[in-house]
Amino acid sequence: QVQLVESGGGLVQAGGSLRLSCAASGSIYSINNMGWYRQAPGKQRELVATITSGGSTNYADSVKGRFTISRDNAKNTVYLQMNSLKPEDTAVYYCSADITTSGSYGYPRRYWGLGTQVTVSS
């Protein structure tokens, strides 16, 4: 049916940049909110950024001014541009999407990607 696949994670030095992508595929009728979350070892999962279908965004205070979330509705893809990376940004990053599937008669659910590792070295 529906799956979300993240890409773009990796190892980067402090001060560097990465761009994460998350593409949704399958029997998709519509996608509402999309977002990025992250979880560092020993920490709770936290919201990083969200974006509505219309392009409205919100960010965690810790990433404001450094990260930018965007989406391409035609490609069912959400992006996270990460600049000025810090070691404390090291985490597994997960994307989410609220999706109504074809034939579900307006019944949405939240889908999650499997995560991609971002490691920032000092």
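The values are calculated or read from the model by the stated rules, or taken from the named source; none is laboratory data. Predicted, not measured: the structure shown is a model, and the values here were computed from it. Here Cβ is always computed from backbone atoms with ideal geometry, including for glycine, and neighbour counts include all displayed protein chains. Only protein heavy atoms, including side chains, enter the accessible area calculation; ligands, DNA and RNA are left aside. Shrake-Rupley method; radii C 1.70, N 1.55, O 1.52, S 1.80 Å.
In the set Leu85, Leu80, which member is hydrophobic (A, V, I, L, M, F, W, C), within 15 Å of the chain's Cα centre (by Cα) and open to solvent by less than 20 Å² (accessible area, probe 1.4 Å)?
Checking each option against the conditions leaves just Leu80.
Can Leu80 be described as touching a strand residue (DSSP E or B) at 6+ places or on another chain (Cβ under 6 Å) and not in a strand (DSSP E or B)? Working first, answer last.
Working: touching a strand residue (DSSP E or B) at 6+ places or on another chain (Cβ under 6 Å): yes; not in a strand (DSSP E or B): no.
Considered against the rule, which asks whether it is touching a strand residue (DSSP E or B) at 6+ places or on another chain (Cβ under 6 Å) and not in a strand (DSSP E or B), Leu80 comes out as no.
If a residue must be surrounded by 13 or more Cβ atoms within 10 Å (Cβ to Cβ) and charged (D, E, K, R), how many such residues does the range 30-44 contain? Even if it seems obvious, please write down each step before you answer.
First, the residues of the range 30-44 that are surrounded by 13 or more Cβ atoms within 10 Å (Cβ to Cβ): 30-40.
Adding the requirement that they be charged (D, E, K, R) leaves 38.
Summing the residues that are surrounded by 13 or more Cβ atoms within 10 Å (Cβ to Cβ) and charged (D, E, K, R) in the range 30-44 gives 1.
For residues that are open to solvent by 40 Å² or more (accessible area, probe 1.4 Å) and either closer than 17 Å to Cys95 by Cβ or not in a strand (DSSP E or B) (or both), tally how many sit in the range 1-29. Spell out how you get there, then give the answer.
Going residue by residue through the range 1-29, those that are open to solvent by 40 Å² or more (accessible area, probe 1.4 Å) are 1, 3, 5, 7, 11, 13-15, 17, 19, 23, 25-27, 29.
Filter once more, keeping what is either closer than 17 Å to Cys95 by Cβ or not in a strand (DSSP E or B) (or both): 1, 3, 5, 7, 14-15, 17, 19, 23, 25-27.
Summing the residues that are open to solvent by 40 Å² or more (accessible area, probe 1.4 Å) and either closer than 17 Å to Cys95 by Cβ or not in a strand (DSSP E or B) (or both) in the range 1-29 gives 12.
Among what's in the range 45-68 and is of a type in the set (Gly, Ala, Ser) and in contact with a strand residue (DSSP E or B) (Cβ under 6 Å, 6 or more places away or on another chain), pick the residue that is surrounded by the most Cβ atoms within 10 Å (Cβ to Cβ).
As a first pass, look at the range 45-68 and keep what is of a type in the set (Gly, Ala, Ser): 49, 53-56, 60, 62, 65.
Narrowing the set further to residues that are in contact with a strand residue (DSSP E or B) (Cβ under 6 Å, 6 or more places away or on another chain) leaves 49, 53, 60.
Numbers: Ala49: 22, Ser53: 13, Ala60: 15.
Checking each candidate, the answer is Ala49.
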